[in-house]
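J.: So that we are looking at the same thing, I have put the structure below in structure tokens.
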DNA sequence: GCCGTTTTCGGCCCGACTGTTTTCAGTCG
């Protein structure tokens, strides 16, 4: 889904890198980075904005607005082209190597004309860096290692993998004598869909035992750095883990510091500076006297800055600071708000567990309602028939009587055909309590055809939820191309909910699309699409993504009481 | 290059670690 905002974000980020490499003003480079992020995360399509509108975007001033305008008009930014002419693209690639920044990249290029990662690798092999200032033996070894990692990984791991690893490490370190608190922070606590590295915090008086414990974990493959305050290791799976040990009285400040995205932290620190304060991982201090004003809890730190506590999933500098200052932070949806799952499968199609087991597991979770939505005949490998689904409905109605607290809904996951048609005729669909409709094929229609297809599915009076709307698979498959603003508008107009599919390799819609869809007044359903009993627990990932999309319980139909939900599902029929 | 209760200039987050130019620059998060 490359929209102009994303293209401009990439271009401005490239320009920032080139400025940093060519030794320009570091603050100028940072200014472009900030603008790039702001434009990438801006909800409105920048192609619809004029120069004044562009300057409404934070960190976009006259100069950058002009460059964006030029790009929107001509498809080019002259200044970027000029810098590209001076610095080959391969030099920019060099700074992706861990341990190699803009300064060293420039030196390599100027002194040795090295202009690609492979040239650098060859130069190290040929021992051509020996006489280069700042490139001692150790540095060369680190670069060689960095290139290896870059080639192997590509970096980030899925949220679910990171969470499993983090929970194991936290459990291990919590057992170490002297551990007062232990938790993970970073992008994992913010529930980003993929995680680059783990940030683990320990509160304790002495650090050595924790540094040793982390270094010696079975999962630890190598120790990258080890000090008294910080130790970094890499696991066998290639995931970097940074451990910080802080004094117990600094716990809240450290959690605040290591949880927020960089941009969020810059904002909170700037607020501190304006109040004559200094915010670090050790606490909030009076700049003049050095006296500590708050540090024990995150609440205390935010409060002393004049802010309410901000949910970790919001700490991205996507407007949460402004919302907090104006008392307009959303009360984001939590696991506890979810009253039921509206997209699940059984072994009647491709699920693993029989109806009874799925229903029992759902009841154990304390749900007030639960929908079974097996695949429809259009997905022919599932061999669904009218008879089979009607027999399932009969069995489900029997079970429904046995569950006092949890009501059962009978549904199906329809297939959206190339023209937006679905599997069964209206009179048969009328027999279901709800229909989810999803794309399972024909992913490469053109944008216009795909948009028509999705809009037509929304217009079907029996389709209540659009399942995994973009159909992306994280790290494996791009989402389909459509005019999403048109699709979101159609959802809002027709009363069709968008799914936030909680499968960890889908997380579809993702947070940025949720933020956009929300602008259209759409409702959402956070569903697990469970194909087995353990999948029901994926809900936490979906809720995390929903929070990152600023959704409140009112936005999410499966937090609603059953009567309100049923009214929504009928779409005014 | 952006921004403004420090308001059109002068600041921009800040601490930790590594390697090496051994007193500090570069990189990272």
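Any read-out appearing in this document is the output of simple, stated calculations on the displayed coordinates, not a laboratory observation. Being a predicted model, the structure only gives us computed values, none of them experimental. When we count neighbours, we look across all protein chains shown, and the Cβ atoms used for this are built from the backbone with ideal geometry, even at glycine.
J.: Sort the following peptides by mean Cβ neighbour count (other Cβ atoms within 10 Å, averaged over residues), highest first: A:230-241, A:127-138.
T.: A:230-241, A:127-138
J.: Now for a different question. In vacuo Debye scattering of the range A:146-264, one point per C-alpha: log10 I(q)/I(0) at q = 0.15, 0.19, 0.20, 0.21 Å⁻¹?
T.: -0.62, -1.01, -1.11, -1.22
J.: Multiplying the sequence separation of residue A:563 and residue A:262 by 0.36 nm and subtracting their Cα-Cα distance, what value in nm do you get?
T.: Additional length available on full extension: 104.0 nm.
J.: Starting from the Cα of residue A:352, step 7 Å along the direction of its Cβ; do the same at residue A:570; then give the gap between the two resulting points in nm.
T.: 3.9 nm
J.: Moving to a separate point now. Normalised by the number of residues in chain A, what is the relative contact order in percent for Cα pairs under 8 Å and 6+ residues apart?
T.: 9 percent
J.: Over the range A:210-339, what is the relative contact order in whole percent, taking alpha-carbon pairs under 8 Å and six or more residues apart? All intermediate terms of the calculation are to be shown ahead of the outcome.
T.: Details: 189 pairs, mean separation 22.1, N = 130.
Relative contact order for the range A:210-339 comes out at 17 percent.
J.: Turning to a different aspect of this structure: Could you tell me the calculated FRET efficiency between residue A:360 and residue A:336, based on Cβ-Cβ distance and R0 = 22 angstrom, to the nearest 0.05?
T.: 0.55
J.: Per residue, how big is the convex hull of chain A when only Cα atoms are used? Give it in Å³.
T.: Once divided by residue count, the hull of chain A is 181 Å³.
J.: Based on alpha-carbon atoms only, what is the radius of gyration of the range A:246-299 relative to the globular estimate 2.2 N^0.38 Å?
T.: Against the compact-globule rule of thumb, the ratio is 1.03.
J.: I would also like to ask the following. Starting from the 7 Å offset along Cα-to-Cβ, what nm value, one decimal, do you get for the label separation of residue A:63 and residue A:174?
T.: Here the answer is 5.0 nm between the modelled labels.
J.: Run the numbers for residue A:322 and residue A:427: contour at 0.36 nm per residue of separation, minus the present Cα-Cα distance, in nm.
T.: My answer for the length gained is 32.8 nm.
J.: For the range A:1-107, what is one quarter of the convex hull surface built on the Cα atoms, given in nm²?
T.: 6.9 nm²
J.: Determine the calculated [θ] at 222 nm for chain A from helices alone, applying -39500 (n - 2.57) to every DSSP H run no shorter than 4 residues and normalising by the residue count; nearest 500 deg cm²/dmol.
T.: -12500 deg cm²/dmol, from helical runs alone.
J.: Given an 8 Å cut-off on Cα distances and at least 6 residues of separation, report the relative contact order of the range A:356-505 as a percent.
T.: 19 percent
J.: How big is the gap, in Å, between the Cα center of the range A:488-523 and the Cα center of the range A:78-153?
T.: 42 Å
J.: Taking the convex hull of the Cα atoms, report for the range A:1-40 its projected area averaged over all directions, in nm².
T.: 2.3 nm²
J.: So if each residue of separation counts as 0.36 nm, and I subtract the Cα-Cα distance between residue A:398 and residue A:221, what length gain in nm does that give?
T.: 58.3 nm
J.: Now for a different question. Along Cα→Cβ, 7 Å out, is where each label goes; now give me the distance between the ones at residue A:478 and residue A:111 in nm to one decimal.
T.: The two pseudo-label positions are separated by 4.0 nm.
J.: I need the calculated FRET efficiency for the pair residue A:390 and residue A:519, taking r as the beta carbon distance and R₀ as 45 Å, to the nearest 0.05.
T.: Working: r = 41 Å, r/R0 = 0.91.
Given R0 = 45 Å and the Cβ-Cβ separation, E is 0.65.
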